[in-house]
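Data first, discussion second: the structure below is written as structure tokens.
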Amino acid sequence: MTSNNRISRSIRKNRGAAAVALAAATALLAGCGSSDGKSGGNPLEEGKKGGDGVVVGSNNFAESILLADIYGEALKAKGIKVTYKPNIGSRETTYGLLKNGSISVLPEYNGALLAYLDQKAAPTSVEGTTQAIEAKLDGKLALLKPSPAQDKDSVTLNAATAKKYNLTDKSSLADLKDIAKDLVIGGSPEFQTRHQGLVGLKDVYGLEFKSFKALDAGGPLTQAALQKNTVQAADIFTTDPAIVKQKFVVLQDTKNLFGFANVQPLVHKGDLDAKGTDALDAVSAKLDTETLLKLDTEVQTENKDPLDVAKAWLKSAGLG
């Protein structure tokens, strides 16, 4: 399993090409992991790779790519060899690649990961969320410390729809009970079938929308559809700069359907030594929601290269 940092960085500019290339590679990578999920001793000392170093992957949206760059550059600052596999795809793909050892480190969101592993779990704290994840997590994987930074799924309305129904950022999802039947909602294809999506919106809030439009994971397709009123509601992440720029209205999740969404590294056991683990824990300690929104804005609104943004923040935080 090899990677070329120069190629990995260049394909950030073409997300479609990255997805095609990495999808083709997935089939080859799928057979290279161990099938032994038993653990013992230090969980981060098992299954150590040979000379491949640490492979940092990301899901197919801008913030995940930025976070992967932050993790990777923090590890490099400690003298650890790093290669990148950016923009791979959704959790359904990246979780499998972590299990088989094709990637070593992935930025995750604790609540969303838990919903993927156990749809019935309903923790009431960050610590409880981590414990619930660890109870269901594949034996070849481990969680590091969560950060205070949260980027949660949300149901967000465009300005015109919010005005039409007299809804504000203080309004709740429950306020859509009699309105949802008139609204088209958009999101990633997975949002249609996940509990933290249409399934939960119906079960928890009783919301049944007019229809669903498959777009992307809170990215440019979703934002454009919301702005153009192709959809009136959409799954937008709460640190997305488009919320301010387009005057979107995020509805309050008073019943905590979307749970917790702390940024938290998920790693393949044995691929990080203590120095690497400490480096990522140090990142988590300094990364809060305000900082993440600022960094996201630099990448997504000011069009800065995420790798450059990552390096600059790590240096300012004393981690680079």
Checklist entry - Within the range 203-215, is even one residue assigned to a loop (DSSP other than H, G, I, E, B), within 23 Å of Lys85 (Cβ to Cβ) and at pLDDT 95 or above? => result no
Checklist entry - In the set Lys170, Lys163, which member is at pLDDT 95 or above, of a type in the set (D, E, K, R) and either at positive phi or not in a strand (DSSP E or B) (or both)? => result Lys163
Checklist outcome for this item: Result of the Cβ filter at 7 Å on the range 139-160, keeping first residues that are touching a residue at least 24 places away in the same chain (Cβ under 8 Å) and assigned to a strand (DSSP E or B) and partners that are among the small types (Gly, Ala, Ser) and buried (at least 24 other Cβ atoms within 10 Å of the Cβ), at least 6 apart or interchain, is Gln150/Ala261; Val155/Ala233; Thr156/Ala233; Thr156/Ala234; Leu157/Ala233
Item to check | Hits in the range 250-268 (condition: in a strand (DSSP E or B) and surrounded by fewer than 22 Cβ atoms within 10 Å (Cβ to Cβ)) | outcome: Val250, Gln252
Checklist entry - Across the range 85-118, which residue is nearest to Leu272 (Cα to Cα) among those that are of a type in the set (D, E, K, R) and assigned to a helix (DSSP H, G or I)? => result Lys99
Item to check | Which listed residue, of Asn158, Asn166, is buried (at least 23 other Cβ atoms within 10 Å of the Cβ), more than 30 Å from Leu272 (Cα to Cα) and not aromatic (Phe, Trp, Tyr) | outcome: Asn158
Item to check | Search result, residues across the range 222-249 that are in contact (Cβ under 8 Å) with a residue 24 or more places away in the chain, closer than 22 Å to Glu302 by Cβ and among the aliphatic types (A, V, I, L, M) | outcome: Leu226, Ile236, Ala242, Ile243
Checklist outcome for this item: The one condition Ser58 fails out of (1) within 16 Å of Asp271 (Cα to Cα); (2) touching a Lys or Arg at 6+ places or on another chain (Cβ under 8 Å); (3) at pLDDT 95 or above is (1)
Next on the checklist: Can you say whether Val105 is surrounded by 24 or more Cβ atoms within 10 Å (Cβ to Cβ), under 30 Å from Lys228 (Cα atoms) and either touching a residue at least 60 places away in the same chain (Cβ under 8 Å) or not basic (Lys, Arg) (or both), as far as the supplied structure shows?
Outcome noted: no
Checklist entry - Which ones in the range 138-151 are under 26 Å from Asp216 (Cα atoms), charged (D, E, K, R) and either over 16 Å from the mean Cα position of the chain (by Cα) or surrounded by fewer than 22 Cβ atoms within 10 Å (Cβ to Cβ) (or both)? => result none
Checklist outcome for this item: Going through (1) assigned to a helix (DSSP H, G or I); (2) among the acidic types (Asp, Glu); (3) crowded, with 22+ Cβ neighbours inside 10 Å one by one, Asp271 fails only at (1)
Checklist outcome for this item: Residue pairs qualifying under the 6 Å Cβ cut-off, at least six apart or on distinct chains, with the first in the range 113-130 being closer than 15 Å to Gly197 by Cα and the second being outside any helix (DSSP H, G or I), are Leu114/Ala121
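Each row is one residue, and each column tells you yes or no for (1) in a loop (DSSP other than H, G, I, E, B); (2) modelled with pLDDT of 95 or more; (3) under 26 Å from Phe61 (Cα atoms); (4) not assigned by TED's automatic domain parsing to the domain that holds Ala62.
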residue	(1), (2), (3), (4)
Ile133	no, yes, yes, no
Gln196	no, no, yes, yes
Thr222	no, yes, yes, yes
Val231	yes, yes, yes, yes
Ala234	no, yes, yes, yes
Checklist entry - Restricting the range 173-194 to residues that are surrounded by 19 or more Cβ atoms within 10 Å (Cβ to Cβ) and part of a helix (DSSP H, G or I), which is modelled with the lowest pLDDT? => result Phe191
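The values are calculated or read from the model by the stated rules, or taken from the named source; none is laboratory data. Fair warning: this is a prediction, and the values are worked out from it, not measured in the lab. All Cβ positions, glycine included, derive from the backbone under ideal geometry; neighbour counts span all protein chains shown.
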